[in-house]
Amino acid sequence: MTAYSITGLAVEPFRPFFGLAEAALAAHGIVRIRADAPTGYPCRVLLADARPGETLLLLNHEYQSAASPYRGRHAIFVNEAATAPARFENEVPAILSQRKAIALRAFDRAGMMIDADLVPGAEVEATLLRLLDNAKTEYLHAHNPARGCFATRIDRA
C-alpha cells in the first residue's frame with residue numbers, strides 16, 4: 001500500500017487576520033462567518049468542520065501555485081481558533097470521508113492534471129491510493145465539487 005499524508009494549510013499566513021475588525025478584514029476582501037451548523041464550515045488548517053458558534057474567515061486562497069494552466073484560487077474557510085495544521089498519516093479525515101462527494105485531482109511535477117475522479121467520501125481512500133499508484137503523480141488535490149472549493153492536498157508520505 002502506498003503511504004500518504006494529508007496536511008492542513010499552514011496557519012501563519014492567516015494569523016494576522018484573526019481577531020481583526022470587520023472593516024479591516026473587508027479591506028483585504030475577507031469576511032468573518034459564524035458557524036451555525038455542525039457541518040458546512042470546513043477549516044482548511046484544522047481539516048475539520050467548525051462547531052456551531054466558532055468564527056471562521058472566508059477568504060480567497062491560491063491553492064495551486066504551479067505555473068501551469070491549472071493554477072487556481074478560490075474561497076476557503078479558516079477557523080480563527082486554528083493554531084497548527086492537522087496532519088493525517090495513512091488516514092482520511094472525516095472532512096473528506098463523510099462528504100457526499102469529493103473530487104480528487106492528480107497532478108504531475110509540472111503542475112499538469114493527469115487524472116481525476118469524483119467519488120463518494122467513503123471511496124476517497126481507495127481512489128487516492130489508485131491515483132498515487134501512478135508513478136507520474138506528484139500530488140493530489142481534493143475539492144468539494146458542489147462549490148468547487150479546495151479541501152486539501154494529499155502527498156506520498
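The values are calculated or read from the model by the stated rules, or taken from the named source; none is laboratory data. All values derive from a computational prediction rather than experimental measurement. Backbone-built Cβ (ideal geometry, glycine too); neighbour counts: all protein chains shown. Just the protein is used for accessible areas: all its heavy atoms, side chains included, with ligands, DNA and RNA removed. Shrake-Rupley method; radii C 1.70, N 1.55, O 1.52, S 1.80 Å.
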(Q) For a quick check of your reading: which strands (runs of 3 or more DSSP E) sit entirely within the stretch 24-116 and have at least 3 residues that are touching a residue at least 40 places away in the same chain (Cβ under 8 Å) and surrounded by 14 or more Cβ atoms within 10 Å (Cβ to Cβ)? (A) 55-64, 72-79, 102-107
Q) Is there any pair linking a residue in the stretch 128-143 that is β-branched (Val, Ile, Thr) to one that is open to solvent by less than 30 Å² (accessible area, probe 1.4 Å), with Cβ under 9 Å and at least six apart or on different chains, and which? A) Thr137/Ala106; Thr137/Phe107; Thr137/Leu131
Q: Spot the failing condition for Ala146; the list is (1) within 13 Å of Gln64 (Cα to Cα); (2) loosely packed, with under 15 Cβ neighbours inside 10 Å; (3) not aromatic (Phe, Trp, Tyr), and only one is missed.
A: (1)
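For the stretch 128-143, name all the residues that are polar (S, T, N, Q) and surrounded by fewer than 17 Cβ atoms within 10 Å (Cβ to Cβ).
Passing the criteria: only Asn134.
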(Q) If I ask for residues that are more than 19 Å from Leu46 (Cβ to Cβ), assigned to a strand (DSSP E or B), in contact with a Lys or Arg (Cβ under 8 Å, 6 or more places away or on another chain) and not aromatic (Phe, Trp, Tyr), which ones from the stretch 118-157 would you list? (A) Leu140
Q. Just checking, how many residues over the stretch 1-23 are under 30 Å from Ala135 (Cα atoms), β-branched (Val, Ile, Thr) and in a loop (DSSP other than H, G, I, E, B)?
A. 1
